[in-house]
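Have a look at this one before I ask anything.
The values are calculated or read from the model by the stated rules, or taken from the named source; none is laboratory data. From a predicted model like this one, the values you see are computed outputs, not experimental measurements. Here the Cβ positions follow ideal geometry from the backbone for every residue, glycine too, while neighbour counts run over all protein chains shown.
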Amino acid sequence: ARCEANTFDGERCRYGALNDTIRTLLKNYNVLTARTVKRNTYDEFLRKLYEQGLYSDVTFVVDERIFPLHRCVLAARSSFFHEAFEGRWHGKRNINLTKAKFNVDSFESVVRYLYTNCCEISLDNIDSVKALARSCRLPHLIDLIERKKHEIDQWQASKTASSNIYRLVLEPDEDDDSIRLDFRMLAEQAIPLELRQWIAGSEMPFIDQPHLDTFSDLIFIVDECYYFHVHQAFICTRTEYFSALIKNHFNEMLPNTKQQNDTKSTVMLKHIHKEHFIPLLYYIYSDECEISNDCVDDLLVIADELFLPGLKRLCGNTYSKLLNNETIISILRLARLFQLVKLENQCIRFISDNLEEVLQQDEFKKFVLEDAASVVDRQETDTVPIIDDLRFYLAEFSTVNRSDIDETLEKMKLLDDFLDNIGVNA
């Protein structure tokens with residue numbers, strides 16, 4: 001295991017240390033951070049994109065160390081890199097920085113920050129990293145370093161005993177969405193110009209720059225006429241479905257008919273329409289998207305097909321806003337079918353809060369009977385899953401004070417009477 005911040009390996013190194021001396025050393029090294037515990041799939045995707053270098057389209061060499069990187073990421077995060085890739089580094093795939101005024105550790109820290117919004121810096125290397133960040137036009141990184149250094153100086157000054165800190169571990173603030181916004185901009189640029197007005201109802205950022213180069217390396221054709229210029233680093237790394245598609249497993253690859261001089265691979269998407277592909281694109285790039293009520297059904301199916309559990313959860317959030325007495329059973333069925341646990345729990349809560357009205361519905365009666373029939377070799381003493389869930393919610397979350405207890409007992413009796421009326425023992 002490698003002792004590195006923001007990784008499972010870093011945690012394993014500390015908690016699996018052979019003795020207290022090693023554990024203390026790792027603790028002083030500050031291998032664990034608050035963000036480590038709060039990792040999510042998007043953070044892990046960005047970390048792996050940097051560390052593994054999959055679908056890299058440019059290589060930097062610094063002090064004989066090779067960095068396989070992605071022009072789209074560097075250009076989206078830094079105007080310096082965007083201008084350099086369009087200027088002095090135009091067309092170059094191997095860039096050797098042998099005469100650089102910075103060391104390899106400084107370059108590694110800055111590049112990791114560009115990819116993940118996080119990095120760690122040794123205290124004796126702070127000035128070098130700040131100088132490189134200034135050259136790359138990264139004022140936010142400089143501000144982050146200075147704030148963190150100030151915090152450490154204040155903390156050390158308040159300690160009577162000597163305390164050694166060797167590295168700064170930089171993490172974004174909780175409300176810092178800069179990296180998502182930068183990558184969302186990549187998604188916006190991938191959308192065909194004629195659809196940018198269509199999706200938002202008003203002009204989008206950079207709509208006056210239709211030919212802004214984002215260094216895309218793949219074209220998706222949607223609805224047979226809309227060309228989306230995307231990036232394999234995002235599309236193929238975020239979902240294995242597209243990765244297999246690009247490898248021609250399903251014979252979807254087409255000759256590029258858009259531009260003769262364009263070497264990008266072209267893929268025809270036959271089962272996804274533009275109104276679904278656009279929010280899908282935003283999710284892949286930024287882990288966020290707006291889902292309309294009209295599109296949520298189809299987008300949920302697409303998310304399931306493309307193995308995107310995060311997008312399924314976003315669809316679940318949309319469904320949770322549509323809960324009412326008429327939709328509750330159909331949404332509950334969807335939650336179970338697509339294994340949306342949070343949405344299913346929200347449905348149970350809604351039914352519990354509106355039990356008297358829901359019990360009168362024929363659709364709910366049908367659902368309970370189906371649930372009872374789903375139990376293999378059911379005996380008279382066996383329960384019913386939906387009834388179990390309702391009783392658990394009523395018992396656990398409704399008994400706060402005396403009035404709640406009385407209300408819970410009344411609802412329990414309503415539930416028992418309902419089961420007697422439909423002839424189900426549970």
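Is there any pair with a first residue in the range 213-238 that is polar (S, T, N, Q) and a second that is assigned to a strand (DSSP E or B) whose Cβ atoms are under 7 Å apart and which are 6 or more apart or on different chains, and what are they?
216/229; 216/230; 232/218
Still on this structure, please answer the following. Please work out which residue is nearest to the chain's Cα centre (by Cα), limiting yourself to the range 289-310 and to residues that are assigned to a loop (DSSP other than H, G, I, E, B) and aliphatic (A, V, I, L, M).
308
Give 355, 343 a once-over and let me know the one that is in contact (Cβ under 8 Å) with a residue 60 or more places away in the chain and on the phi < 0 side of the Ramachandran plot.
355
Kindly check whether there is at least one residue in the range 103-117 that is out of contact with any Pro (no Cβ under 8 Å at 6 or more places or on another chain), surrounded by 15 or more Cβ atoms within 10 Å (Cβ to Cβ) and closer than 20 Å to residue 218 by Cβ.
Looking through the range 103-117, at least one residue is out of contact with any Pro (no Cβ under 8 Å at 6 or more places or on another chain), surrounded by 15 or more Cβ atoms within 10 Å (Cβ to Cβ) and closer than 20 Å to residue 218 by Cβ.
Just to check your reading of the model, which residue among 372, 335 is part of a helix (DSSP H, G or I), among the small types (Gly, Ala, Ser) and under 32 Å from the mean Cα position of the chain (by Cα)?
On the way: 372 fails: under 32 Å from the mean Cα position of the chain (by Cα).
The conditions single out 335.
Would you say residue 336 is of a type outside the set (Val, Ile, Thr) and modelled with pLDDT of 95 or more? Steps first, please.
Numbers: of a type outside the set (Val, Ile, Thr): yes; modelled with pLDDT of 95 or more: yes.
Against the criterion (of a type outside the set (Val, Ile, Thr) and modelled with pLDDT of 95 or more), residue 336 qualifies.
Go through the range 66-81 and give me each residue that's farther than 13 Å from residue 231 by Cβ and touching a residue at least 40 places away in the same chain (Cβ under 8 Å). Outline the logic, then answer.
Quick first cut of the range 66-81, residues farther than 13 Å from residue 231 by Cβ only: 66-68, 77-81.
Within the range 66-81, 67, 77, 78, 79, 80, 81 meet the criteria.
Would you mention how many residues in the range 45-94 are among the β-branched types (Val, Ile, Thr) and under 27 Å from residue 243 (Cα atoms)? Walk me through it before giving the result.
Restricting attention to the range 45-94, the residues satisfying the condition of being among the β-branched types (Val, Ile, Thr) are 58-59, 61-62, 66, 73.
Applying the additional criterion that residues be under 27 Å from residue 243 (Cα atoms) yields 58-59, 66, 73.
Total meeting the criteria: 4.
Name every residue in the range 338-361 that is surrounded by fewer than 16 Cβ atoms within 10 Å (Cβ to Cβ) and in a loop (DSSP other than H, G, I, E, B), in order of residue number.
Once the filter is applied, which keeps residues that are surrounded by fewer than 16 Cβ atoms within 10 Å (Cβ to Cβ) and in a loop (DSSP other than H, G, I, E, B), the range 338-361 yields 339, 354, 360, 361.
Restricting attention to the range 156-193, which residues are more than 22 Å from residue 286 (Cβ to Cβ) and either at pLDDT below 80 or out of contact with any Asp or Glu (no Cβ under 6 Å at 6 or more places or on another chain) (or both)? Quick ask: steps written out before the conclusion?
Initial filter on the range 156-193 (more than 22 Å from residue 286 (Cβ to Cβ)): 156-169.
Scanning the range 156-193 gives 156, 157, 158, 159, 160, 161, 162, 163, 164, 165, 166, 168.
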